[in-house]
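Before any comments, here is the structure.
The values are calculated or read from the model by the stated rules, or taken from the named source; none is laboratory data. Just so we're clear, the structure is a prediction, and the values are computed from it rather than from any experiment. Heads up, the Cβs are rebuilt from the backbone with ideal geometry, glycines too, and the neighbour counts pull from every protein chain shown.
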Amino acid sequence: MSRLAKEKQFVAAFFEEAGAEIIASFQKNLTIETKSDRNDLVTNIDKQIETLFVQRVGEKFPTHRIFGEEGMAAEIDTLDGPVWIVDPIDGTLNFVAQQKNFAISVALYVDGIGVYGAIYEVEKGDIYTCEKGFGAYLNERKLPKVSSDAAISDHLLIANLSAIRINERLFEAIKESRGLRLYGAASLEYMYVATGRAGAYMSANLAPWDVAAGKIIAEELGCIVTRLDGSQMNMLEKGSSIVALPHVHKELMQNYLR
Ligand code: 2AM
Ligand code: CA
């Protein structure tokens with residue numbers, strides 16, 4: 001039996017409220033600031049959505065902690081107890097430049113284990129959800145587990161340039177594959193792999209909030225999620241990331257990444 005009815009209802013209500021604010025923002029001027037580099041952006045909407053999340057969690061789950069990209073919640077250094085990991089807008093550059101290919105990503109970890117993940121692709125109205133152990137859904141539809149045992153040569157790969165730069169052999173893997181794709185929002189790139197539309201997604205430097213929900217959903221559907229060196233990810237540290245179909249993960253590790 002699902003134990004997280006209240007949490008699921010909470011996330012659904014938050015997505016409805018946050019989605020409406022984001023759609024309304026398309027008609028308004030954005031305030032855009034840069035962070036670590038000129039393509040690492042934050043807008044007033046990112047901050048507004050994270051603030052809304054912090055406020056709503058405070059109302060419903062006052063003892064839960066929150067770890068978010070824009071620092072509207074306290075910094076955390078342990079994952080003890082229930083911790084919400086939120087990216088109010090994943091793919092901020094796409095949000096600004098395209099008004100699509102961005103998402104809200106919300107995950108609940110308890111003592112470091114991901115128990116619930118949800119990703120809302122606002123522009124499409126698509127919501128991916130998963131309570132660990134109870135299947136993953138796209139809107140109302142239960143998603144099938146990934147099943148392909150085809151080699152890299154039969155799959156598209158998604159990789160950002162930083163991943164290719166630090167692993168030059170990835171260039172050979174991409175040439176071997178059916179081609180390279182890149183969307184610019186890690187949570188959605190995780191969903192491309194989890195729904196079998198690509199064999200793997202690789203990035204050199206992601207933060208916990210970029211992958212926290214995607215990892216829960218992708219693993220539930222049978223994907224393998226690790227750092228690029230094959231080690232386990234930890235939701236307190238930034239670092240590289242690969243999500244892949246099991247067969248493709250094995251082939252990339254054996255022939256191209258290690
Ligand atoms: P963000 O839009 O929430 O910042 C783009 O390749 C993907 O990498 C996005 O999911 C983006 O998340 C993430 N990312 C992580 N660190 C980044 C950085 N320093 N600059 C740009 N994108 C970053
Ligand atoms: Ca973000």
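Observations
- Within region 172-191, the set of residues being of a type in the set (Lys, Arg) and under 21 Å from Ala97 (Cβ atoms) comprises just one member, Arg181.
- Selection status of Glu59, closer than 14 Å to Ala207 by Cβ and either touching a residue at least 24 places away in the same chain (Cβ under 8 Å) or away from ligand 1 (no atom under 13 Å from the Cβ) (or both): no
- Matching residues in region 161-220 - criterion: being basic (Lys, Arg), within 21 Å of Thr129 (Cα to Cα) and without any contact (Cβ under 8 Å) to a residue 60 or more places away in the chain: Arg197
- Residue in region 204-211 that is more than 16 Å from ligand 2 (Cβ to nearest atom) and part of a helix (DSSP H, G or I) present: no
- Residues of region 33-49 that are aliphatic (A, V, I, L, M) and assigned to a helix (DSSP H, G or I): Ile45, Ile49.
- Residues that are touching a residue at least 12 places away in the same chain (Cβ under 8 Å), among the polar types (S, T, N, Q) and in contact with a Leu (Cβ under 8 Å, 6 or more places away or on another chain), drawn from region 9-56: Asn39, Thr43, Asn44
- Region 76-92, subset away from ligand 1 (no atom under 12 Å from the Cβ) and in contact with a Phe, Trp or Tyr (Cβ under 8 Å, 6 or more places away or on another chain), residue modelled with the lowest pLDDT: Ile76
- Of all residues in region 62-73 being under 16 Å from Val106 (Cα atoms) and not charged (D, E, K, R), the one that is farthest from ligand 1 (Cβ to nearest atom): His64
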